[in-house]
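Here the structure comes first, spelled out in structure tokens, and everything after it is commentary.
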């Protein structure tokens, strides 16, 4: 078991200093003190590790709840007020951390923002249920519509013809998004609905009629309630059998389950013909929101309420009764890469982590896993991808839970390096050496001393002018490669400048110590301008370069050369052309 320090300590009571998990700044959008916030804004706040749920209250006074009183939003860290917010008003937000493990809820400090002043009437509304154009609608249905930003209330009229209000005359029903007529609609009749939102500036203008057509006479089934788990239950198993009260008139049930009141991310509009079902793999330490709507040929039940339940604590992290953040998974310390020498197969690995059980999996190229060991030790016979697990088994609410920590890792072959090239570059006070090495290993580099110091960089800068010995060491202990860079492989012998002016002195640029070619023969010399454009390549035994390109003289400036030796080594430097 590992215990993680509490995230934040705050002063929260006039009675003393209490350990709190509340963030220093709660609101993330809008932020505390913001102004001109839209009335249809989504309120977001900082999440806290180990906290399974949140309550949100909204008010127009500090710590007020006149707009919303401790609404449980599960593990969501945002909330969209379904009726919007009043305009030109200071909105006070209070977030409460909610626990299931015997810890009292913790209320964070209230923060606030001010909404924008609305200066125009709202737009028109659209029907949500029944939708515009629906047919076969039950005569006992209620009418609901979508929220209209900046609206503070709605007028509604219902009639059997466009512009007619013979069922319900134009009525102010306040700030609500649904209306249940005082009597059933007539059967097999088109019903015309006009909804006009309004605010302090005035009503929406020219909102069109919307309509739906009723079906035959029928009786809607009533709503049901949860039997198992009952509404508000805690410590529900992660794979429960959900059961609800059977409704005799119902031919089926529409089930929605979500992790917040406004989502159905677990089940969405799932249809069941019986009053129970198993649900697999609920998350531990979480609140779930469930709505079950019975239906029949006459339609769906009206006004069914949402219920909630909370699962067992699980492996964590969660706060225990002492206010400690607890994680019941083993604490593991395992690398993500193993590189071994090619002659060391098979590779024996052992876990040093403290746990009740272990598993090792090999992963093929298609992502399929196969178990290769269920002890603390494993024998790896090939390179590739693997996954290591360590787990503890705990008992909660009569159920056994496996708490697993895991680490994917890769096994690769390592070997000594092959030094493929060494490049030397002239510096004002010495030489820059660049080493190129190939091989499957992870390499580090040293100069002139086999014992180092070694560095990850393959580049050295040195002022010494003598024989260089280069060492390339495999970090996984598979060997050291070394090579002697002879003194003749330097920038000596390449002129610093030449003057192609036709006076017979320094009219050509060429390597000027041909006696060195006996031991370290040059193969070719390339000459470039300062932008890297190849101008010419010359034979080391030729007269050299005359400073021309495509038959014309080049200007006085610096030029670069790269001389390649027979053994593929290279020397790089620069010189000046002076006219």
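General observations
- Out of 230, 208, 197, one residue alone is in a loop (DSSP other than H, G, I, E, B), more than 20 Å from residue 299 (Cα to Cα) and within 43 Å of the chain's Cα centre (by Cα). It is 230.
- Test: residue in segment 372-393 that is out of contact with any strand residue (DSSP E or B) (no Cβ under 9 Å at 6 or more places or on another chain) and without any contact (Cβ under 8 Å) to a residue 40 or more places away in the chain: no
- Matching entry among 136, 53, 84 (being buried (at least 20 other Cβ atoms within 10 Å of the Cβ) and at positive phi): 84
- Matching residues, segment 151-161, being within 20 Å of residue 139 (Cβ to Cβ) and touching a strand residue (DSSP E or B) at 6+ places or on another chain (Cβ under 6 Å): 156, 157, 158, 159
- For segment 178-193, the condition holds for at least one residue, the condition being that it is crowded, with 19+ Cβ neighbours inside 10 Å, in contact with a strand residue (DSSP E or B) (Cβ under 7 Å, 6 or more places away or on another chain) and touching a residue at least 60 places away in the same chain (Cβ under 8 Å).
- Any hit, segment 238-245, residues being over 30 Å from residue 49 (Cα atoms) and surrounded by fewer than 16 Cβ atoms within 10 Å (Cβ to Cβ): yes
- Residues located in segment 408-434, provided they are farther than 24 Å from residue 559 by Cα, touching a strand residue (DSSP E or B) at 6+ places or on another chain (Cβ under 6 Å) and surrounded by 15 or more Cβ atoms within 10 Å (Cβ to Cβ): 409, 411, 414, 416, 417, 419
- Test: residue 365 is within 32 Å of the chain's Cα centre (by Cα) and either part of a strand (DSSP E or B) or in contact (Cβ under 8 Å) with a residue 24 or more places away in the chain (or both): no
- From the list 289, 309, 319, 295, the lone residue that is farther than 30 Å from residue 439 by Cβ and at pLDDT below 85 is 319.
- Check on residue 45, more than 30 Å from residue 205 (Cβ to Cβ) and either assigned by TED's automatic domain parsing to the domain that holds residue 182 or modelled with pLDDT of 90 or more (or both): yes
- Residue check for residue 143: surrounded by fewer than 18 Cβ atoms within 10 Å (Cβ to Cβ) and more than 36 Å from the chain's Cα centre (by Cα): no
- Residue 495 vs. criteria touching a strand residue (DSSP E or B) at 6+ places or on another chain (Cβ under 8 Å), over 30 Å from residue 413 (Cα atoms), at pLDDT below 85 and in a loop (DSSP other than H, G, I, E, B): yes
The values are calculated or read from the model by the stated rules, or taken from the named source; none is laboratory data. This is a predicted model, so every value here is computed, not measured. Neighbour counts run over all protein chains shown; Cβ positions are idealised from the backbone, glycine included.
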